[in-house]
Ligand SMILES: [Zn+2]
């Protein structure tokens, strides 16, 4: 190896504000070459031996959309392969997933009564608490049930909180979210996952749960949730589009990186058990930065738009679905994710993709 010095005091002929520095690089000396990174890439066995990122099914969480009724399996057009389920069909589908090792689900409620104040969000008659208790009765601790906590599917205006003169009131919304989280805990949820992006809601929910004896109900915080166009298909799935305006006054600006660390550390201080970055694919740099800033487990949400783009391209024969999906999953893990919430989870385990080449 030779060390070569590169003078970096000028950039495009302009004087740089950077100090001169020496860049050390590898330059082959002479033949025979003794350093050949390709050696360990030669066979599948040696590639697997030195692989730095290894996926396993314990990382995956599978989202479900649950609705009222009986015998409902209603395919969501914008998300090929994903459906709305009623509680009875949900139980059967979860059973199939469990046989393949999908033992963590994230529940969203659909088709609830929508009111200005989102009051149905914390009713014990709402579909999510009912689904939680049915699932826990059927599967007990063999299934880990996480619930989404946000009111946008329960408000007539479709915003994630209490709307006052076009602005979502933070503190009143937090009160509502606390009641919603409590109703899920009382139904038996193992973990609640607030996705609203209100300030201070993790601490408030933690206190509410603790005050009612739910000290062991976990909180997975959507700590870093961007105002993203990647949520498009989900809004059909959850029927949760804002009727006016957008969510930019509470969800994060995709141009910001430092602010994500601030949000993540606040949630850590407030008592979150798991942090999350959402969406995933366009935010791998953020996943890495948050992972480096916290000791908590980190999840990412591989969202509906990311999923549906892959499905659409695969259905047209433009890409190899298995390899694209596994390359994406590997990227999330390599970037620092311990947990991956993805609509692809069932395909991955049921079709044996974890054992295939990427
Ligand atoms: Zn919401």
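FYI, it's all coordinate maths here, none of it is from the lab. Because the structure is predicted, anything quoted here is derived from the model rather than measured.
For the chain, what does the helix formula give at 222 nm: sum of -39500 (n - 2.57) over DSSP H segments with n ≥ 4, over the residue count, nearest 500 deg cm²/dmol?
Here the helix-only value at 222 nm equals -10500 deg cm²/dmol.
What list of whole percents do you get for P(r) of the stretch 206-315, with Cα-Cα distances grouped in 10 Å bins up to the one holding the largest distance?
13, 39, 33, 14, 1, 0
Cα extents of the chain along the three principal axes, largest first, in whole Å?
76, 47, 41
Go ahead and set up a Gaussian network model of the chain, Cα springs under 10 Å, then flag whichever of 33, 208, 276 fluctuates most.
Between 33, 208, 276, it is 33 that shows the largest mean-square fluctuation.
Springs between alpha-carbon atoms under 10 Å, Gaussian network over the chain: tell me which of 255, 38, 247 tops the mean-square fluctuations.
Greatest mean-square fluctuation among the candidates belongs to 38.
Kirkwood hydrodynamic radius, the stretch 127-168, all distinct C-alpha pairs: what's the number in Å?
Result for the stretch 127-168, one decimal place: 12.3 Å.
How many angstrom lie between the C-alpha centres of the stretch 222-292 and the stretch 303-347?
19
When the Cα centres of the stretch 47-84 and the stretch 85-156 are compared, how far apart do they sit, in Å?
Here the two parts' Cα centres lie 15 Å apart.
Between 44, 78, 282, find the one with the highest GNM mean-square fluctuation for the chain; connect C-alpha pairs within less than 10 Å.
The residue that fluctuates most here is 44.
Considering only DSSP beta bridges whose two residues both sit in the chain, what percent are antiparallel, to the nearest 5?
The antiparallel fraction comes to roughly 20 percent.
How much of the DSSP bridge set in the stretch 140-221 is antiparallel, in percent, rounded to the nearest 5?
35
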